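Take a look at the structure below.
The values are calculated or read from the model by the stated rules, or taken from the named source; none is laboratory data. What you are looking at is a predicted structure, and each value in this text was computed from that prediction instead of being measured. In this analysis, Cβ positions are derived from the backbone assuming ideal geometry, glycine residues included, and neighbour counts consider all displayed protein chains. Accessible surface areas use protein heavy atoms only, side chains included; no ligands, DNA or RNA. Shrake-Rupley method; radii C 1.70, N 1.55, O 1.52, S 1.80 Å.
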Amino acid sequence: MEATVTFRLMTIEDIEDVLIIEQSSFPTPWSREAFYNELINNQFARYTVMVENENIIGYCGMWLVMDEAHITNIAVLPEFRGRRLGDALLEKVKHDAKMLGAMKMTLEVRVSNEIAQSLYFKHGFKPGGIRKNYYTDNQEDAIVMWVNLNEQ
Ligand SMILES: CC(C)(COP(=O)(O)OP(=O)(O)OC[C@H]1O[C@@H](n2cnc3c(N)ncnc32)[C@H](O)[C@@H]1OP(=O)(O)O)[C@@H](O)C(=O)NCCC(=O)NCCS
């Protein structure tokens, strides 16, 4: 059964919940301070949380600079994965970026992260290059991916 989810902008009060998702999703999770800094000091940052039954079950961050949106991170709480919620979250963020004037969207993804790559391919992203040794924990390469939001 498809869940009914809503979306809203992340606030300082959401940091603890987002940290739980972050820590269960990434080998080098962002710190509490990193999220605080994004929300308070980065005028280009926009973080969206996905909510089901008042619980935050996913989030996605981006930096919106001129006509370009750069996804910083996207994750769904592990027990909620595989229910097309990552799909819905990315769709929402792409829509918002476009409404706010972005023409293209970019992100980096681990070469080994085939699930995320599949999600991005599905949303029209195409590989644009490789950043060698991008991830500091294991020196893994990143694939840089792009999508033209006007073709969506
Ligand atoms: C990537 C992530 C956000 C996807 O969220 P999700 O809610 O599980 O994904 P969805 O159920 O919406 O699936 C959307 C698409 O993702 C891909 N996908 C999801 N789960 C998959 C799996 N187990 N195997 C292969 N592809 C998969 C598919 O393309 C899928 O589309 P489809 O169902 O039509 O085949 C989630 O796996 C996650 O939080 N991963 C950890 C964090 C992460 O790696 N983030 C990306 C960093 S670049």
* To do: Pull up the stretch 104-131, narrow it to residues that are more than 12 Å from the ligand (Cβ to nearest atom) and charged (D, E, K, R), then point me to the one that is surrounded by the most Cβ atoms within 10 Å (Cβ to Cβ).
  => K104
* Asked: Looking at the stretch 95-111, is at least one residue modelled with pLDDT of 95 or more, closer than 19 Å to G58 by Cβ and among the small types (G, A, S)?
  -> yes
* Structure fact -> Checked the stretch 143-152 for anything surrounded by fewer than 14 Cβ atoms within 10 Å (Cβ to Cβ) and part of a helix (DSSP H, G or I); matches are N150, E151
* To do: Select, from T28, T48, T4, the only residue that is more than 20 Å from D87 (Cβ to Cβ) and β-branched (V, I, T).
  => T28
* To do: Take the stretch 75-95 and flag every residue that is part of a helix (DSSP H, G or I) and near the ligand (Cβ under 8 Å from one of its atoms).
  => P78, F80, L85, G86, D87, A88, L89, L90
* On the given criteria, is I15 free of Cβ contacts under 8 Å to residues at least 40 places away in the same chain and open to solvent by less than 90 Å² (accessible area, probe 1.4 Å)? -> yes
* Test T72 against the stated conditions and say whether it is part of a strand (DSSP E or B), within 11 Å of the ligand (Cβ to nearest atom) and either free of Cβ contacts under 8 Å to residues at least 60 places away in the same chain or open to solvent by 60 Å² or more (accessible area, probe 1.4 Å) (or both). => yes
* Asked: Do we have any residue at all in the stretch 4-16 that's assigned to a loop (DSSP other than H, G, I, E, B), out of contact with any His (no Cβ under 6 Å at 6 or more places or on another chain) and hydrophobic (A, V, I, L, M, F, W, C)?
  -> yes
* Asked: In the stretch 101-142, how many residues are part of a loop (DSSP other than H, G, I, E, B), of a type in the set (A, V, I, L, M, F, W, C) and without any contact (Cβ under 8 Å) to a residue 40 or more places away in the chain?
  -> 2
* Structure fact -> With the first residue restricted to the stretch 36-59 and required to be without any contact (Cβ under 8 Å) to a residue 40 or more places away in the chain and part of a loop (DSSP other than H, G, I, E, B), and the second required to be open to solvent by 30 Å² or more (accessible area, probe 1.4 Å) and aromatic (F, W, Y), Cβ contacts under 6 Å at 6 or more apart or on different chains are F44/W63
